[in-house]
Amino acid sequence: MITKRVSPVVIDGQRYFPLERPEQLPREFGSIELFIRNKVPVRFTRVADNTWVVHRTDRPGSTGVLVDDPEGDAEARSGVTVKAPEAHESNRPRPRFIYSAAAATNVGLPDWRIPLQRVSWDDFLKFFESASV
């Protein structure tokens, strides 16, 4: 087994590690981990068994929620409908994660919103490709 050694990026005295795999997310309730993805600093806070609050530190007032739903039964348990993959993607496996985000309108980002949807880990990482996403 090859272990990849990574160095953290230090921003304002805080260490941010590269965000690459879901196994990196905080495991204990209330724990916080700082990551960086394509120069976008991101803070994850574990708030439930399978749920994290996600803050992009480059967008004060923005908040996202990421749910790990490997069984694909969150809709049935919660009664909430989540956007399904497009019809042409129906032969793909059901994405494991559910994600949504929005910004407070009083911080200059009105109507900035990522609707509730199922995403793969790779699709989730695309939300952090740049400061403009």
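Odds and ends about this structure:
- Matching residues, region 98-116, being modelled with pLDDT under 90 and touching a Lys or Arg at 6+ places or on another chain (Cβ under 9 Å): Ala101, Ala102, Ala103, Val107, Leu109, Trp112, Pro115, Leu116
- Residue list for region 36-59, restricted to those being among the charged types (D, E, K, R) and under 12 Å from the mean Cα position of the chain (by Cα): Arg37, Arg43, Arg46, Arg56
- Count - residues of region 38-70 that are buried (at least 19 other Cβ atoms within 10 Å of the Cβ) and small (Gly, Ala, Ser): 2
- Applying the criterion of at least 2 residues that are touching a residue at least 60 places away in the same chain (Cβ under 8 Å) and either over 17 Å from Tyr99 (Cβ atoms) or in contact with a Phe, Trp or Tyr (Cβ under 8 Å, 6 or more places away or on another chain) (or both) to the strands (runs of 3 or more DSSP E) found wholly in region 1-60 leaves 40-48.
- Some residue of region 80-97 being surrounded by 12 or more Cβ atoms within 10 Å (Cβ to Cβ), hydrophobic (A, V, I, L, M, F, W, C) and at pLDDT 80 or above: yes
Residue-wise test of (1) at pLDDT 95 or above; (2) acidic (Asp, Glu); (3) over 19 Å from Ile114 (Cβ atoms).
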site	(1), (2), (3)
Asn38	no, no, no
Thr45	yes, no, no
Gly61	no, no, no
Glu71	no, yes, yes
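The values are calculated or read from the model by the stated rules, or taken from the named source; none is laboratory data. None of these values were measured; they are calculated from a predicted model. Here the Cβ is made from the backbone with ideal geometry for all residues, glycine too, and neighbour counts use every protein chain on show.
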